[in-house]
1. Residues in the range 42-54 that are in a helix (DSSP H, G or I) and either out of contact with any Phe, Trp or Tyr (no Cβ under 7 Å at 6 or more places or on another chain) or of a type in the set (Lys, Arg) (or both): how many?
2. When Leu26 is evaluated against the numbered criteria (1) under 13 Å from the mean Cα position of the chain (by Cα); (2) surrounded by 10 or more Cβ atoms within 10 Å (Cβ to Cβ), which criterion, by number, is the only one it fails?
3. Quick one: would you say Ala38 is without any contact (Cβ under 8 Å) to a residue 12 or more places away in the chain, surrounded by 11 or more Cβ atoms within 10 Å (Cβ to Cβ) and not β-branched (Val, Ile, Thr)?
4. Every residue in the range 55-107 that is at pLDDT 85 or above and outside any helix (DSSP H, G or I), please.
5. If you check Phe25 against the conditions, is it among the aromatic types (Phe, Trp, Tyr) and at pLDDT below 90?
Amino acid sequence: MHSTTSLMSTRDRIGAILRVTSGNFLEQFDFFLFGFYATYIAHTFFPASSEFASLMMTFAVFGAGFLMRPIGAIVLGAYIDKVGRRKGLIVTLSTRRGKNKPATTSW
């Protein structure tokens, strides 16, 4: 008996696995680079009298980014399930863009 739903072909399945794996790799590579260059980031963005304090502030930012990933998945996941992926992507990109808007526009 054949089901009415179409099954993924082997090629489609391998493509999906490759896309998921590459996205996960890039995200983890981003965290790796942040951790690897933490001392340089601490010196540049948190110049404090104590190197330990500036390094801890850098790792606090790292931890906040690591913590926000599952929180964002919970909050935005529920919204995206309701409205769809396209609108969810627009909301996600809009929230990331929010602080970077120029104060004035030159037309």
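The values are calculated or read from the model by the stated rules, or taken from the named source; none is laboratory data. Source: prediction; values computed, not measured. A quick note on method: Cβ atoms are made from the backbone with ideal geometry, for glycine too, and the neighbour counts reach across all protein chains shown.
1. Residues flagged as in a helix (DSSP H, G or I) and either out of contact with any Phe, Trp or Tyr (no Cβ under 7 Å at 6 or more places or on another chain) or of a type in the set (Lys, Arg) (or both) within the range 42-54 amount to 7.
2. For Leu26, the exception is condition (2).
3. Against the criterion (without any contact (Cβ under 8 Å) to a residue 12 or more places away in the chain, surrounded by 11 or more Cβ atoms within 10 Å (Cβ to Cβ) and not β-branched (Val, Ile, Thr)), Ala38 does not qualify.
4. Passing the criteria: only Gly84.
5. No.
A quick yes/no check of all residues on (1) of a type in the set (A, V, I, L, M, F, W, C); (2) touching a strand residue (DSSP E or B) at 6+ places or on another chain (Cβ under 8 Å); (3) surrounded by 12 or more Cβ atoms within 10 Å (Cβ to Cβ):
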site	(1), (2), (3)
Met8	yes, no, no
Gly15	no, no, yes
Arg19	no, no, no
Phe46	yes, no, yes
Ser54	no, no, yes
Ala60	yes, no, no
